[in-house]
Every structure is written in C-alpha cells, then in structure tokens.
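Read the structure below first, then the notes.
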Amino acid sequence: MNIRPIEARDVDSILAIQSASPEIAQWTMWDYARVARGDMAGWVAEEKSEIDGFLVARRVVTDVEILNFAVRPHARHGGIGTSLLRETLAWGATFRAEKALLEVRASNLAALSFYVRHGFEVTGRRPRYYSAPIEDALILTAVLAK
C-alpha cells in the first residue's frame, strides 16, 4: 500500500468512496480539487492503482483538524485508516502540532471506536450539528505534543 498526497486524478475515486460512506461529510468535486491544488492537506491510500481510502486535513495554528476521512467499505479493517491517520499525524509533527481534532456523528460507533483506539477522547458535543438526519456531532481530540 502506498500513501501519497491527493492529486487531481484521484477525485473520481474519492467521490466513489464518499458515495459509499454516507456517514461522512458529502463534499463536491470542487472541494476535492481544492485539496489536490494544495488548499488543504490530503492523502490517499493506493494499492495496485486503486484508491482504497483518503483523508483530508488542515493546519489550524498549532492543531491538525481532520476534515473528511473514509476507507472503501470492502477495504475496511485492513489497516488503511490507521496508515492514513499516521501519515496525517506525521505531517502535523512537521509543524509541531499540539492536538488533532475532528467531529464525528454521535451514532458513528465504528469511527468513535477507531479514534479512541488511536488516542482520541470525546471533548465536546455540538447539538444538532448534522442534517439528513439531524444529529449531534461529537468533538474528538488527541494530544500530540506538549
């Protein structure tokens, strides 16, 4: 498996993964084109010329904010998500990020379990943050450096 920065040629594959992952934010082609241009940081997991996962993040002063993240359903539970998360946290280390943070649907138990296994804790709640369906967002944070 190869983890590499998102390129313009990856957008269709990313949109297909997103379509198969209704629990994540549903971005547009334009949003991912911005990532490919470098407006945000982003990586894909590629194996045998197939994109199996992606993660988009940004630097917010001294923090890493994970904005969107998914693994193709048939490729889940194989370490792809962990590899993408590690790449993102390594990127954060290059600017001495202090924390990583993100929001996740309160009902997304698989994601919550994944993040807790990787050192994240629930640090807040945003009531009725998501629509379709309306649902609270949990804010998760991991301390990276002190």
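Total residues in the stretch 11-60 satisfying the condition of being touching a helix residue (DSSP H, G or I) at 6+ places or on another chain (Cβ under 7 Å) and in a helix (DSSP H, G or I): the figure is 7. Listed by first and then second residue, the pairs linking a residue in the stretch 114-132 that is farther than 15 Å from ILE66 by Cα to a residue that is part of a loop (DSSP other than H, G, I, E, B), with Cβ atoms under 8 Å apart and 6 or more places separating them unless they lie on different chains, are ARG125/ALA106; ARG128/ILE134. Annotation note: Cβ proximity below 7 Å between a residue of the stretch 24-48 that is within 25 Å of GLY78 (Cα to Cα) and a residue that is modelled with pLDDT under 95 and among the hydrophobic types (A, V, I, L, M, F, W, C) (sequence gap 6+ or interchain) occurs for ALA45/MET1; GLU47/MET1. Looking at the stretch 69-146, the strands (runs of 3 or more DSSP E) lying wholly inside it that each contain 2 or more residues that are more than 15 Å from ALA25 (Cβ to Cβ) and of a type in the set (Lys, Arg) sit at 121-130. You will find that of ILE66, ILE80, ILE51, the residue that is surrounded by 13 or more Cβ atoms within 10 Å (Cβ to Cβ), touching a residue at least 60 places away in the same chain (Cβ under 8 Å) and within 21 Å of ILE14 (Cα to Cα) is ILE80 and no other.
The values are calculated or read from the model by the stated rules, or taken from the named source; none is laboratory data. Since the structure is predicted, the reported quantities are computational estimates derived from the model, not experimental observations. All Cβ positions, glycine included, derive from the backbone under ideal geometry; neighbour counts span all protein chains shown.
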